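Notes for the one structure printed next.
Nothing in this text is a laboratory measurement; each read-out follows from the coordinates by a stated rule. The structure displayed is predicted, hence computed values, not measured ones. Ideal geometry is used to build each Cβ from the backbone, glycine not excepted, and the neighbour counts take in all protein chains shown.
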Amino acid sequence: MNINPYEDTEFNDALRKHGIIPQLEPTPSTPSPPSSPKLQDILSKASESEWKELEDEANDSETERMIASYRTQRLAELREQTRNARFGEVYPIGRDDYTREVTEASKVDTPGEESKIKGTGVVCFLYKDGQVASIKLADQLKELARRHPQTKFVSIVGNKCIPNYADNLCPTLIIYRGGEVTRQTVAWGVDRERSIAELEAMLILSLAITSPPQPEDKSDDEISDDEDDREQRKPPKNIRSTVVNKADDSDSDFDL
């Protein structure tokens, strides 16, 4: 009697049970087909135009609703990211750029902040090359620009912005909001060390920054007292300095 040990029969099972023929090797399992990607994964990798295509191709109202909801949510997130990343660095400018990049820029309302104070905070940094106080202030302003991307920070060499501007007045900060100067500070950090928290607090008081963390190392009253002391080092208020607007060749005056 010929026995096929590979047949799966009751007789062969009895023989295998007694060790007369070898056990059958297990049948290799058939791999499951890859699962379809989840809708959430597809949407997260799709572009705005692809979201619309997926929405149009949806074969049931529930899928269409999910796509539309995700698309609306994601677009809102992207708009918020764009708004928060409005500036984020210190921009060098030239004398001819001053009116456009500083005065006019400060009149532009911040997107999404209609109910808050109008305009954009602009910090104009006048510096002297190689001056220790200017170098330190430049580093601090870079950090604050990163922390507060809704505030615009610009920089320009003092005597290139204002002809014959005195070196001992650098570094100078001229702060604008809504087309108006809200504060002017000269020789910041020349007489003593100024911390970044102190600088940040001063910019808050000057409306350059409108939604900041609380300052840590000094109270607002202490900083105001310090600034009162600094007033003695400022030039008289009736001194006028002219910055020429390249576009229309008109004069834009500000007090120092």
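Before moving on, here are some points about what is shown:
- Subset of the range 175-204 that is closer than 19 Å to residue 132 by Cα and touching a Ser or Thr at 6+ places or on another chain (Cβ under 8 Å) - its residue that is surrounded by the fewest Cβ atoms within 10 Å (Cβ to Cβ): 187
- Within the range 187-199, being in a loop (DSSP other than H, G, I, E, B) and of a type in the set (Gly, Ala, Ser) holds for 187, 189, 195.
Quick grid of which residues meet (1) crowded, with 19+ Cβ neighbours inside 10 Å; (2) aliphatic (A, V, I, L, M); (3) more than 17 Å from residue 184 (Cβ to Cβ):
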site	(1), (2), (3)
97	yes, no, yes
103	yes, no, no
109	no, no, yes
121	yes, no, no
127	yes, no, no
132	no, yes, yes
141	yes, yes, no
147	no, no, yes
154	yes, yes, no
